[in-house]
Amino acid sequence: MAFAPRPSRFTPLLRLFALLSSPRFCPLGSPVRGGNVNHIMELQWWSIEVRDGEYPARLWRDAHSAALIEAALTHGARDWSWRSEDFGVVFELGFDDAGDWARFRALPAVTAALDAVAPDSLYVYRGRGGSAGAVHPRRRGPLPAAGAAAIPIEPEPPIVARPPLEPYVPGLVA
């Protein structure tokens, strides 16, 4: 007698993740026709940035990605993206209003995912993250002037614990 394999408890999340990762999924229209582009500027963007620390940030992304995406989509996120950077990973979320973000942020799954990161490696802020704002490379600072040198400072005289001895002069009696 053959038995059908029993699906694991993660099967629904894996199906959801596969659906959301497919190029055909686009909740606001087809990206090919350009229907998805118009809403990007209207959304309020928030970023969760996790930097590499004791462990690589991609491990945190692998562990919490499905839960964060599901929580975001079920609580009002209209767009989202994961980006890998040199310093770690950035999870960008676009919401219609700040209330949707507040509800998403208060979810136990989101709180647990953010608590799993060391405090010095986690940044949560409004706007798109990473290097999204830099269109041109940063200019170098002013170059030092030619021949510039520090102003010489005279050294302090040494502190002596007793007064110096007077030189010995023969025939002089004190």
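The values are calculated or read from the model by the stated rules, or taken from the named source; none is laboratory data. Nothing here was measured: the structure is a model prediction, and the numbers come from that model. Backbone-built Cβ (ideal geometry, glycine too); neighbour counts: all protein chains shown. Heads up: the accessible areas ignore ligands, DNA and RNA and are worked out on the full protein's heavy atoms, side chains in. Shrake-Rupley method; radii C 1.70, N 1.55, O 1.52, S 1.80 Å.
Per-structure values
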item	result
Residue match in segment 60-69 (condition: over 18 Å from the mean Cα position of the chain (by Cα) and either at pLDDT below 90 or within 19 Å of residue 116 (Cα to Cα) (or both))	yes
Complete set of residues in segment 96-115 that are loosely packed, with under 13 Cβ neighbours inside 10 Å and over 11 Å from residue 76 (Cα atoms)	106, 108, 111, 112, 115
Search result, residues across segment 133-174 that are at pLDDT below 65, over 30 Å from residue 90 (Cβ atoms), hydrophobic (A, V, I, L, M, F, W, C) and open to solvent by less than 100 Å² (accessible area, probe 1.4 Å)	145
Among (1) exposed (fewer than 15 other Cβ atoms within 10 Å of the Cβ); (2) at pLDDT 75 or above; (3) not in a helix (DSSP H, G or I), the one test that residue 37 misses	(2)
Inter-residue pairs, beta-carbon under 7 Å, first without any contact (Cβ under 8 Å) to a residue 60 or more places away in the chain and in segment 58-78, second of a type in the set (Asp, Glu) and open to solvent by 50 Å² or more (accessible area, probe 1.4 Å), 6+ apart	76/96; 78/96
